[in-house]
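The values are calculated or read from the model by the stated rules, or taken from the named source; none is laboratory data. Here the structure is a predicted model, which means the values were calculated and not measured. As a convention, Cβ positions derive from the backbone with ideal geometry for all residues, glycine included, and neighbour counts pool all protein chains shown.
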Amino acid sequence: MQDETERAEPETDAAQAAEQSEAGGEDRAAAPDDAEREGPAAEAEDADGPEAAEAEEFAEDDEAESSDAALKEQLLRALADAENARRRAKKDVEDARNYAISRFAQDLLGVADNLGRALENIPADKRESDDAVKAIAEGIEMTAREFETALGRHGITRIDPLGEKFDYNLHQALFETAETDQPDGTVVQVFQTGYRIGDRLLREAMVGVAKGGTQPATDDDTDTGAEAEAEAETGSDGADAPADETS
């Protein structure tokens, strides 16, 4: 029995060795297949490597350029905002310097009006016959002139549009009248003179305006009138010439 057991053990060991040998052969047979499958993929990865790196490099360059452009645009906007702020500040300073006395000047305009009314209410015959009245009138005139000069030094000028074309930017029409031979739209009466400070209107001139009178002259009318005058002069010269020859 012992001999049979000993003979069975070598047979078992041989069977196990045969099985292991077959398994190893299968693994070695499968290994080339795996290598064959992995070989093209590896080669593809090696081939795509430089292109992928180059594409990534281009992407980084594009991103850097976009960032530079955005920063440049922000810088230009900041510079433009700073320049606009500087200009606004400069204009505000100029306006404050030129128009700071506007309210004070408006309060003084009543003084100029009263000086003018005082002169208008002095009878002309009294000024000629009464030395005292004449002296008072001259004093008021001197004061009014000095007052106008002081206003002018601060950029305040008078608007006295009598006989001028009505301008709604500078004048305020109180009435319209047809009883005049002035062209339509002409200022025929000034009730209160206006004033402006620099380029700004300080007070409108209150006026009366002609309506329904003769039409205002235009450039075409002026040219036609000049031609008519020239023709009339030519005709008169031609008519005079035979008379001289006859005489």
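Values as computed for the structure displayed
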| quantity | calculated |
| --- | --- |
| Condition check for D181: loosely packed, with under 14 Cβ neighbours inside 10 Å and in the same structural domain as A210 (by TED's automatic domain parsing) | yes |
| One residue from A118, A105, A137 being in a helix (DSSP H, G or I), touching a His at 6+ places or on another chain (Cβ under 8 Å) and surrounded by 11 or more Cβ atoms within 10 Å (Cβ to Cβ) | A105 |
| Answer from T157, T180, T149 - the residue that is in a strand (DSSP E or B) and among the hydroxyl-bearing types (S, T, Y) | T157 |
| Given (1) modelled with pLDDT under 70; (2) in contact with a helix residue (DSSP H, G or I) (Cβ under 8 Å, 6 or more places away or on another chain), number of the condition E57 does not satisfy | (2) |
| Extreme residue, nearest to G208 (Cα to Cα), among residues of the stretch 144-162 that are over 36 Å from the mean Cα position of the chain (by Cα) and exposed (fewer than 14 other Cβ atoms within 10 Å of the Cβ) | R145 |
